[in-house]
1. Look through Asn103, Asn72 and report the one residue that is modelled with pLDDT under 95 and either among the aromatic types (Phe, Trp, Tyr) or under 16 Å from Tyr39 (Cα atoms) (or both).
2. From the list Val40, Val140, exactly one residue is in contact (Cβ under 8 Å) with a residue 24 or more places away in the chain, under 25 Å from Phe175 (Cβ atoms) and more than 17 Å from the chain's Cα centre (by Cα). Which is it?
3. Scanning for something buried (at least 18 other Cβ atoms within 10 Å of the Cβ), hydrophobic (A, V, I, L, M, F, W, C), modelled with pLDDT of 95 or more and in contact with a Gly (Cβ under 7 Å, 6 or more places away or on another chain), does the range 134-143 turn up at least one residue?
4. What about Ala57, is it of a type outside the set (Lys, Arg), over 16 Å from Val171 (Cβ atoms), surrounded by fewer than 20 Cβ atoms within 10 Å (Cβ to Cβ) and touching a residue at least 60 places away in the same chain (Cβ under 8 Å)?
5. Looking at (1) within 13 Å of Asn50 (Cα to Cα); (2) at pLDDT below 95; (3) of a type outside the set (Ser, Thr, Tyr), which is the only condition Phe175 fails?
6. Can Ser27 be described as modelled with pLDDT under 50 and surrounded by 15 or more Cβ atoms within 10 Å (Cβ to Cβ)?
7. Give the number of residues within the range 45-78 that are in a loop (DSSP other than H, G, I, E, B) and either of a type in the set (Val, Ile, Thr) or on the phi > 0 side of the Ramachandran plot (or both).
Amino acid sequence: MQRSLNRLIMISVVSVMAIAPTLMANSATANPARFDGSYVGAGVAAGVTNGGQNNDAATLGGNIQGRIAVPNAPVSVRGAVLFSGDNAAIVPTVTYDQRISDNANIYAGVGYSFMDRANQPSPLGNRESVVITLGAEAEVARRVVVYGDAKWGINAYENSPADALSFQAGVGYRF
């Protein structure tokens, strides 16, 4: 399991590194016709890693996420709360957004997770950490957005060098 997870993480990181120069080059051409707007949504959050100690098991919970688009720029400010019955991770993030169609974006960014309670399990580990986010979002009906992303918490477990990985999906209201 750990070996497969490490391979998945490595493939994701290499993919982002390979795509990043293209995304940055495209941003120089200023493509203003992209999925734009802000939204707030809710859904499920699934922590799929375990740090190997007490109070750090993989956790299923929920998420509340939001996006504030920065006008005329390919970046967004996002916020997420990933919660379980024991703890919540509050994750502010800045992302680079790349249009893939008139109604959809993919995004990648960096943020930080703040834990509501130290050393209690959340979908994103049990301690505060730097978070890398990769995701996609699309408006599927007027003002209805679906989103999904992966959040990778680096060194996100107390007394363990393990990283945390959480997958989120949800539905939002665009305003």
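The values are calculated or read from the model by the stated rules, or taken from the named source; none is laboratory data. Here the structure is a predicted model, which is why all the values come from computation and not from measurement. Because the Cβ atoms are built from the backbone with ideal geometry, glycine has one as well, and the counts that use them run over all protein chains shown.
1. Only one candidate passes the filter, namely Asn103.
2. Val140
3. Checked the range 134-143: no residue is buried (at least 18 other Cβ atoms within 10 Å of the Cβ), hydrophobic (A, V, I, L, M, F, W, C), modelled with pLDDT of 95 or more and in contact with a Gly (Cβ under 7 Å, 6 or more places away or on another chain).
4. Spelling it out, Ala57 is indeed of a type outside the set (Lys, Arg), over 16 Å from Val171 (Cβ atoms), surrounded by fewer than 20 Cβ atoms within 10 Å (Cβ to Cβ) and touching a residue at least 60 places away in the same chain (Cβ under 8 Å).
5. With respect to (1) within 13 Å of Asn50 (Cα to Cα); (2) at pLDDT below 95; (3) of a type outside the set (Ser, Thr, Tyr), Phe175 is out only on (1).
6. yes
7. 7
Conditions tested, residue by residue: (1) assigned to a strand (DSSP E or B); (2) surrounded by fewer than 23 Cβ atoms within 10 Å (Cβ to Cβ); (3) in contact with a Phe, Trp or Tyr (Cβ under 6 Å, 6 or more places away or on another chain); (4) touching a residue at least 12 places away in the same chain (Cβ under 8 Å).
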residue: Thr93; (1), (2), (3), (4): yes, no, no, yes
residue: Gln98; (1), (2), (3), (4): yes, yes, no, yes
residue: Ile132; (1), (2), (3), (4): yes, yes, yes, yes
residue: Val146; (1), (2), (3), (4): yes, yes, no, yes
residue: Ala156; (1), (2), (3), (4): no, no, no, yes
